[in-house]
Structure formats: C-alpha cells, structure tokens
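The values are calculated or read from the model by the stated rules, or taken from the named source; none is laboratory data. Fair warning: this is a prediction, and the values are worked out from it, not measured in the lab. Quick reminder, even Gly has a Cβ in these numbers, built from the backbone with ideal geometry, and neighbours come from all protein chains shown. The accessibility values were calculated without ligands, DNA or RNA, using every heavy atom of the protein model including side chains. Shrake-Rupley method; radii C 1.70, N 1.55, O 1.52, S 1.80 Å.
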Amino acid sequence: MTAARVASRKPSTSRARPAKAVQRADASVGARKTQVQTQLARLGIRRSFDLVLHLPLRYEDETRITTIAEASAGGGSAGSGSGAVQVEGRVIDTEVMYRPRRQLVVRIEDDTGMLHLRFFNFYPSQARALAEGVTVRAFGEVKGGFFGGEMIHPRFHMLRGAESLPQSLTPVYPTTAGMGQALLRKLIERALVAHPLEDTLPERVYAPLGVPGFGAAVDAIHHPRALSAAGAQREARLLQDRSHPAWRRIKFDELLAQQLSMRIHYRQRRARTAPSLADRGALTRRLQAALPFRLTAAQQRAWAEIARDLEATHPMHRLLQGDVGSGKTVVAALAALRAVDNGFQAAVMAPTEILAEQHYRKFHEWLSPLGASVVWLTGSQTRVERRAALAAIASGETLVAVGTHALFQDTVQFKALGLAIVDEQHRFGVAQRLALRKKGRRAAAAGAEASAASGAEPHQLMMSATPIPRTLSMSVYADLDVSVIDELPPGRTPVVTKLIADVRRTEVVARIRDACREGRQAYWVCPLIEESESLDLQTAIDTHAALAADLPGLRVGLAHGRLGSAEKAEIMGGFMRGEIDVLVATTVIEVGVDVPNASLMVIEHAERSGLAQLHQLRGRVGRGAAESTCILLYQGPLSQSARQRLKVIYQSSDGFAIAEADLALRGPGEYLGARQSGAPLLRFADLLEDKSLVEAAHQAAERLLDTDPDTVRRHLERWLGGRDEFVKA
Ligand code: ADP
Ligand code: MG
C-alpha cells in the first residue's frame with residue numbers, strides 16, 4: 001500500500017492510474033463488473049449518487065505549510081486530527097541505506113530547519129527523482145528520530161514552479177482494501193460535478209433546524225474551507241464529530257427518508273381492510289370479573305388502545321411493550337376474546353414450545369369457562385391429534401389456537417382469523433421481525449381467503465418484554481402503533497440481587513438447600529456461551545450432576561435446548577407442578593416461564609451475559625408473594641464492560657432504565673440486533689446522539705405526507721433510489 005501510495009503521488013503516474021479506473025467505473029452501465037465496481041459495492045456504493053453521500057471520516061490539512069522548526073516542535077495541524085502536518089523543503093541529499101533494512105532517506109530543509117523523510121518501500125525512479133535541489137511538499141507526522149525529526153512514509157510530491165495550496169481541507173474517506181484515497185476522491189469529485197445537488201426539501205422544512213441547504217451541506221462536508229487556523233480547527237472538529245450543521249442536515253435527511261418510508265407503510269395499512277371487532281359487551285367484561293385480580297391502570301390503558309384499534313376496519317399492527325411480569329398475557333387474552341365475541345378466530349404464537357404450553361394453560365383457564373374453545377398445537381402431538389386440531393381450526397369449531405410460530409407457518413387454515421397475537425417479539429431481531437410479518441401476512445392471506453366474505457386480513461398484536469427507549473421505538477417501530485405497560489401488578493416483592501464470586505459456590509448451594517427445605521423452588525441457569533452450544537450443554541449436564549450430589553433428598557431436574565419437545569415439556573411441567581425442586585437449565589427458560597413458587601435464581605457466569613438476558617432471567621423469580629433472590633455468580637477478573645453490565649443489573653430493576661443503559665453500552669446497531677442481520681439501519685444518524693433530529697424528522701414526515709406528496713417522492717427517490725424498503729431485511 002505504501003509503495004502504491006508513493007507511486008500514485010508521483011506526478012507521472014497520479015494522473016494515469018485514476019483516470020483509467022474512473023473510466024472503468026463509468027462503464028457501470030455495461031454488464032461487466034469491474035474490480036472498481038466490486039470495491040465500490042463493498043463500500044455500499046451502487047449508484048453514482050451514492051458517491052455524493054460517501055462522506056469523509058476525517059480531514060487532513062494541506063492548506064497550510066508548517067515550518068520544519070514548528071513541525072519538529074510538535075506544532076500539530078488544524079484539520080488533521082492526528083498530528084500530521086505539511087512541510088515544504090529543498091532536498092539536501094537522498095541516500096539508499098541498507099541497515100537495518102533497505103530504505104530511502106531524503107533530507108530536506110527550509111529556512112528554519114532540517115527534516116528526514118524515510119521510506120521503506122520505494123521505486124528506484126523515485127530515489128533518482130528526489131535529487132538534490134528539488135523542492136518537495138510532504139505530509140505526515142513528525143517523530144523524533146535518531147538523527148533528529150523525521151517523517152516515515154509521508155505522502156509527498158515534487159513542486160514544479162509555484163504551486164498554490166488547496167483551498168479546502170483534504171477529505172479522508174472510508175475505504176476498502178485496494179482502493180486508494182486518490183482514486184476515491186477523484187470518483188467522488190466527478191460525482192459531485194455530475195449531479196446537480198438541488199434540494200429535495202423546501203426551506204421551511206429544514207431552516208428551523210438551523211441547518212443549510214442540501215448542496216451547501218454536501219459541499220461543506222466534502223470540501224471544508226480552512227478559514228483561519230483557529231476557524232479551521234473549530235470547523236474540522238465539528239465536522240469530525242458530526243455535530244456540524246452540515247452533518248445535521250444530512251442526518252436529518254436520512255432520518256426523514258426513514259420516517260417517510262415507514263409512515264407510508266403505516267398509512268398503506270390503514271387503507272386495507274380488517275374485520276371490525278366491536279365491543280359486543282359480554283365476554284371481555286366477564287373475563288375481567290372472573291379474574292382473581294384487577295387490571296392495573298397501565299393494563300387498562302393498553303387494553304383500551306387495543307380495543308379501539310380492533311374496532312377499526314383496517315388491520316391493527318400494535319406492539320405491546322411491557323417489562324417482564326407486567327401482565328401482558330391477560331391483555332392478549334382480552335383481545336382474543338374480543339375476536340371470539342365477534343365470531344372470529346384468534347391465533348396465539350409463542351417462540352418456544354414451553355411458552356406455548358403455558359399460554360395454552362392460561363388461555364384455556366380463562367377462556368373455556370366463557371365458552372370459547374382453545375386448542376394447543378404442539379410438536380408432541382400425535383398425527384391423529386394434530387389432524388383433529390387442524391380440522392377444528394379449519395371448520396371454525398375452535399376459536400383460539402395456541403402454538404409456536406413454526407407450527408403456524410403454512411399448514412394451518414383458519415375459517416375466519418380475526419387476530420394474530422405474536423408473543424415475546426423481542427427474541428427476534430429486526431430482520432426476523434420483518435420476516436415474521438411476512439409470515440403474519442401469509443397467515444393473514446390464509447385467513448382472508450377463508451373469511452372471503454369479509455374480504456379482510458386479521459389484526460396483529462405483537463408483544464415484547466424488551467422495552468425500547470422512545471427514540472429507538474420512534475425510529476425502528478415507526479410503522480407500528482405502540483402501547484406500553486409501564487407498571488407492575490401490585491403486591492410484588494422486589495427481587496434482591498446479589499453479586500457473588502464463583503469461589504463462594506458452596507455457600508450458594510447451601511442457600512438453595514435452605515430455600516427448598518422451606519418449600520420454595522430454585523432455578524440454576526448455566527453459562528450462556530453463545531459460540532458453543534455443545535459446551536453450554538456439557539456445563540449444564542455437569543452442573544446438574546454436581547448439584548444432585550450436593551443436594552441429597554432434593555429433586556434436581558435438567559432442561560436444555562437439545563431435549564425433545566415432549567421431554568422438555570415434561571421437565572418444565574414437573575417444575576411448574578412443584579415436583580422438581582431445583583431446575584438446572586440453559587437459556588431455554590429465558591422467556592416467559594411463570595412459576596410463582598420459584599423464589600431463588602442462580603445465574604452462573606453472569607459476567608458473560610447481556611443486560612437484556614440477565615433482566616429477562618431475573619424476571620422469572622419474584623412472581624409470587626415470597627421475597628425472591630437472584631444470585632449472579634461471576635468469575636473474575638472482570639472486564640470493564642462486564643463490570644459495567646453487572647453494576648447496571650445490580651442497581652436497577654426497571655426494564656426501561658436497563659434498556660437505556662444497554663443501549664448506551666452497546667450502541668443502537670447491536671442493541672437492535674442489526675449486527676446479526678448485517679443490515680445497518682442508518683448510515684449517518686445516531687439514534688442516541690441525534691434524538692432531537694429523530695423527533696424533528698418524525699414531525700416533518702407527518703406534515704409532508706399530509707400536504708406535499710411531490711416533496712415526499714423527490715426525497716425518497718434521492719435516499720432510497722428505487723429501493724422500496726428503508727430497512728433491508
Ligand atoms: P408478562 O408481561 O411478562 O408476559 P404475565 O402476563 O406472564 O407477564 O404476568 C405475570 C403474572 O402476573 C401472571 O401470573 C399473571 O397472572 C399476573 N398478573 C397479571 N396482571 C395482574 C394484575 N393486574 N394483578 C395481579 N397479578 C397480575
Ligand atoms: Mg409473557
């Protein structure tokens with residue numbers, strides 16, 4: 001790379017090489033995929049306009065010459081961000097040395113001092129060209145070397161006569177192997193000339209934000225003017241940390257495109273039809289009267305929002321967010337009953353068999369007394385049982401069907417599906433969410449086919465126990481409506497969290513013995529090793545054996561992901577019925593299991609778990625009246641991030657606060673699971689730092705959609721360029 005870099009700066013070659021490459025890139029219309037195109041594609045650049053929006057990471061200041069004396073004294077430059085400076089001097093001598101390794105050493109001087117330029121990769125022609133008396137400009141960082149100040153591998157070129165300095169800072173672009181800055185700059189300059197950068201937005205939309213027009217913003221970012229040294233420094237800093245008004249304009253535009261695209265989906269949904277599930281009175285009120293508890297205010301509010309949506313003649317897509325244990329299930333049951341009350345069916349989908357069974361039990365307990373038949377679709381059913389269940393669903397004899405997502409995939413035909421409920425939606429990343437929705441649509445299609453009389457698709461209620469901070473929610477769930485249950489049912493004793501070093505394991509085992517002797521039950525969750533499922537399993541098996549030996553007289557069970565669904569259901573069932581005292585488990589218990597008598601939880605290797613997972617797991621205890629304890633066993637030494645995570649989980653039990661902390665620790669991409677799906681949601685805007693812009697974009701999008709379809713079309717065309725989804729699944 002260094003050789004190429006030096007070479008590309010040679011006056012003789014710097015023109016020839018990029019020019020050819022540019023021509024190749026310009027031939028993009030043709031079918032031949034050139035190397036340059038492949039490299040550009042790797043940078044996410046597919047259309048020429050993408051080059052306009054390929055924005056610099058940082059800048060180098062070649063607008064000024066620093067004297068050698070100043071440079072040697074560490075006089076850093078304004079725009080470089082590193083300590084790189086530009087010097088200009090006459091070559092005193094040039095020497096190829098061989099010790100300690102082959103290198104070219106060029107000594108230059110100006111009126112203030114002398115400097116060595118040192119190259120380990122060079123062409124003989126370069127050594128010859130850098131002859132005594134030639135004037136060079138070199139850009140790099142000055143280090144104190146053995147013989148005084150030196151620059152290692154500076155970028156340089158030789159001056160032929162008077163040459164003026166550039167007027168703007170030199171952008172340094174994100175690049176990929178084999179694509180040099182010089183070529184990238186050239187391609188971008190050409191794109192900037194080729195595209196008129198007219199604004200997609202009227203001034204009234206962006207001016208109140210204190211940001212410039214689009215063209216001015218793009219220009220300021222690609223070619224920041226170096227005014228005075230001090231001005232340049234400030235400008236470069238704002239540009240570099242992306243808080244400059246020009247950057248805010250680009251981020252706003254990106255967020256606006258996202259909002260527009262998702263709100264268009266939102267509005268399109270409102271143009272489709274769904275059965276109106278009106279309040280017919282009896283059933284939902286009878287369920288509420290029969291419950292052993294009163295709904296919390298938050299549950300009532302969420303239910304009112306859902307009930308209002310269900311009554312509409314377009315499909316509801318509502319996300320019900322609520323911390324673990326906040327009581328989402330009963331709200332879902334009310335929604336299912338509303339469908340039943342209107343002569344429609346409801347499907348309840350859970351991510352695991354265990355959860356599906358639990359839902360089945362709850363729904364059966366609540367709904368059957370009211371005359372609504374509930375059926376459970378499970379992997380452990382015999383073929384005959386399954387066929388009977390499917391027939392009951394198809395004929396409409398069964399009104400509520402519960403099962404895993406997998407079971408609902410293709411085979412289930414409803415007579416008249418009015419509502420699909422998707423539980424523990426947080427288990428799925430953004431990509432899975434979109435896939436799920438497609439599946440929902442397919443279920444919908446199946447339902448719509450059967451209920452052709454109404455020509456409608458079912459409503460959808462999604463539930464998530466991972467609370468998402470408002471800004472994130474506003475961004476990634478902009479196509480949904482969101483209800484939040486922000487209150488736990490009364491009478492819960494808060495879970496006491498303890499951090500205990502793994503060396504004190506025997507004390508922990510003794511605590512379990514005591515708790516179980518008092519009739520309580522305990523979970524012991526084994527290391528959550530993501531990379532190795534088999535290691536995970538082995539640890540669980542070993543731990544189970546050790547605990548069974550250490551706890552004579554207690555019934556110790558083992559549940560893990562490799563068990564068949566029947567076996568797993570049997571173990572979990574045994575634990576729910578109190579026939580097992582201690583349940584050793586891998587993360588299979590992570591979601592939704594509800595065993596109020598379990599009051600003790602031990603999580604091994606807590607230092608390896610993510611915050612959301614720890615919070616979910618801890619939510620399994622503290623469901624009854626007894627005081628519960630969650631012991632986080634950790635193995636030192638703790639990394640900085642593990643220490644931070646454990647501190648958060650130790651100090652807070654509020655799911656929203658934990659989610660905020662998690663987001664701050666991990667960043668939005670990873671938090672949302674975009675990393676796994678490989679789809680970055682946003683290139684420029686940062687959902688944490690740019691909260692106010694998210695808000696502004698949200699409001700602007702609504703206004704534009706209401707009043708200015710031309711602007712909407714222009715803006716989306718620029719930002720999506722033909723792609724119809726902003727979030728690529
Ligand atoms: P999650 O929101 O995590 O799915 P669940 O729906 O499983 O929570 O509810 C947790 C427990 O709280 C269940 O045992 C449920 O019956 C109970 N519950 C729900 N709502 C209330 C309430 N308003 N008062 C008391 N207990 C409630
Ligand atoms: Mg739940």
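Given the peptides 254-266, 509-521, 411-423, arrange them by the average over their residues of other C-beta atoms within 10 Å, most packed first.
411-423, 254-266, 509-521
Any idea of the accessible area per residue across segment 495-652, 1.4 Å probe, to the nearest Å²?
I get 43 Å² per residue for segment 495-652.
Once you place label points 7 Å from the Cα toward the Cβ at residue 291 and residue 665, how far apart are they in nm?
About 3.3 nm separates the two model spin labels.
Multiply the residue separation of residue 267 and residue 365 by 0.36 nm, subtract the distance between their alpha-carbon atoms, and state the gained length in nm to one decimal.
31.5 nm
Please report, as a whole percent, how much of the solvent-accessible surface of segment 256-381 comes from carbon and sulfur atoms (probe radius 1.4 Å).
Taking all protein chains in place, segment 256-381 shows 50 percent carbon and sulfur surface.
Heavy-atom accessible area per residue, segment 65-164, 1.4 Å probe: how many Å²?
Accessible area per residue: 50 Å².
Under 8 Å for C-alpha pairs, at least 6 residues apart: give me the relative contact order for segment 495-652, rounded to a whole percent.
Across segment 495-652, relative contact order equals 32 percent.
Which of the pairs 251/498; 186/251; 498/691; 143/647; 328/568 have their Cα atoms more than 32 Å apart in this structure?
251/498; 498/691; 143/647
Report the full-extension gain for the segment residue 190 to residue 127: residue separation times 0.36 nm, less the Cα-Cα distance, to one decimal in nm.
Gain in length upon complete extension: 19.4 nm.
Rounded to the nearest 0.05, what FRET efficiency do residue 312 and residue 651 have when you use their Cβ-Cβ distance and R0 = 35 Å? Before the final figure, lay out the partial values.
Numbers: r = 42 Å, r/R0 = 1.21.
Computed FRET efficiency for residue 312 and residue 651: 0.25.
Order 46-58, 390-402 from most to least packed using the mean count of other Cβ atoms within 10 Å.
Working: 46-58: 17.4, 390-402: 19.2.
So the order, starting with the most tightly packed, is 390-402, 46-58.
Computing the accessible area with a 1.4 Å probe over protein heavy atoms, can you report the carbon and sulfur percentage for segment 495-652?
48
Given the Cα-Cα distance of residue 504 and residue 69 and 0.36 nm per residue of separation, how much length would full extension add, in nm?
Working: separation 435, 0.36 × 435 = 156.60 nm, distance 6.21 nm.
Working it through step by step, the gained length comes to 150.4 nm.
Distance between Cα centroids, segment 261-279 to segment 99-152: provide it in whole Å.
Using only Cα atoms to place each centre, the spacing works out to 69 Å.
What whole number of Å gives the distance from the Cα centroid of segment 37-75 to the Cα centroid of segment 331-372?
The two parts, judged by their Cα centres, are 59 Å apart.
Starting from the Cα of residue 641, step 7 Å along the direction of its Cβ; do the same at residue 567; then give the gap between the two resulting points in nm.
So the label points at residue 641 and residue 567 sit 3.4 nm apart.
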